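Read the structure below first, then the notes.
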Amino acid sequence: GLPVGVETTGAPPGPNGEEQHGIFEIANVSGIQMKVPQLRTLRRKVGFNTLVSPNLAGFGYLHDGSVDSLERFVSQPIFNLSSDQNVADLVAFLLSFAGSGFAPPNLGTESQDAHAAVGAQITVDASNRDDSATINFLNQLEAMADAGAIGLVAKGRQGALSRGYEYTGSGTFQTDRQAQTVTLDQLRMAADTGAQVTFMAVPAGSQHRIGIDRDQDTFLDRDELDAGSDPADPASVPGNAGEVIFVSGFE
């Protein structure tokens, strides 16, 4: 919804070859063009409030920064929001936009912003492992991980041990023991009271480090603990990888 009297025009490439910068031109006024603010940059302006002295940011919303806060912007009559909850919900929605990495194709240089789902998590135990809401949520995380939009990891306690898991595709998780893999359904069904498993969306590319190889020394975390080395220290590795202990199942 552009204001009355505003027409869209083709957008020239940005300074790095980007082609996703929208430009609008004021009708009947030759040569005056302004860049349309992008939704994915809204979060950078949070913290400006003209009603208080200390501020964390110094530029507001609209093309000229004339509205200080996002809450005040969406509270304008044009949005027709009927309650503070509606304002809060719309603000949360606007702040969830990620970068152009998963925008429609042919938009030029991709940004490095994390996917909006990063940080989403669910803890599974005996009380919810069979719930349709749990299964649907995990299936959504799996689909996004398969598409390369996010990485997916799991952490939990199995057999009185802290364990880690990295989703590697096709419904399979690599555990923190090199010789052991489990399926998503097996991991979900193994979750129990006192043996909860938390699944979390992480930035794509970080799942191996976060899930199963903390110090990124190629020796997986539980293999290192089994062999007496420190999984947080890349200089501490098992003396002989062939002697790493493997315990079957989840234990």
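Efficiency by 1/(1 + (r/R0)^6): what FRET value for residue 121 and residue 94, r their Cβ-Cβ distance, R0 = 25 Å, to the nearest 0.05?
Details: r = 22 Å, r/R0 = 0.89.
With a Förster radius of 25 Å, E is 0.65.
The protection proxy used here, the mean number of other Cβ atoms lying within 10 Å of each residue, ranks peptides 145-158, 187-200 as follows, highest first: 145-158, 187-200.
Just so you know, all these numbers are worked out from the coordinates, no wet-lab data involved. Bear in mind that the values here come from a model prediction, so they are computed numbers and not experimental data. Using ideal geometry, Cβ is built from the backbone for each residue, glycine included, and neighbour counts are taken over all protein chains shown.
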